[in-house]
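Presented below is the structure to which this report refers.
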Amino acid sequence: MKPSEAHSWRRVSWNALPAGQPVRLSQDGQYIGCGVVDGSTPDGSIIWVVLDGWSERRMFHREDFVKVEIKG
């Protein structure tokens, strides 16, 4: 999935991200990538995402101010 694909994306709370949810990530207006949520902490403060083209997951902390969006 590429950032230029014609989908509507909407920002969501980190607490609302189940495993398997496709997401698009950005930080400070810079595109990070698209991928799938692999897990999260119960309070939603940390998520793990397997980015497209990566074999392992990356951890993102809510305090890093990463913008998380889902299709919709």
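The values are calculated or read from the model by the stated rules, or taken from the named source; none is laboratory data. Every value quoted in this text rests on a predicted model; they were computed, and no experiment measured them. Note that each Cβ is placed from the backbone with ideal geometry, even for glycine, and that neighbours are counted across all protein chains shown. Only protein heavy atoms, including side chains, enter the accessible area calculation; ligands, DNA and RNA are left aside. Shrake-Rupley method; radii C 1.70, N 1.55, O 1.52, S 1.80 Å.
For the stretch 6-72, calculate the relative contact order in percent as a whole number, restricting contacts to Cα pairs under 8 Å that are 6 or more residues apart.
Dividing the mean separation by the residue count of the stretch 6-72 yields 39 percent.
Need one number: nm distance between label points at His61 and Ser13, each 7 Å from Cα along Cα→Cβ, rounded to one decimal.
So the two model labels end up 2.2 nm from each other.
Accessible area of the chain with a 1.4 Å probe: how many percent of it is carbon plus sulfur?
48 percent
With labels modelled as points extended 7 Å from the Cα through the Cβ direction, what inter-label distance (nm, one decimal) is found for Leu51 paired with Gln30?
Taking the two extended label points, one gets 1.1 nm.
Rg(Cα) of the chain divided by 2.2 N^0.38 Å?
1.00
Please list, by residue number, every one of the chymotrypsin sites (Phe, Trp or Tyr not before Pro) in the stretch 31-71 that is coil in DSSP and has at most 15 other beta-carbon atoms within 10 Å.
Passing both the DSSP loop test and the Cβ count: Trp54, Phe65.
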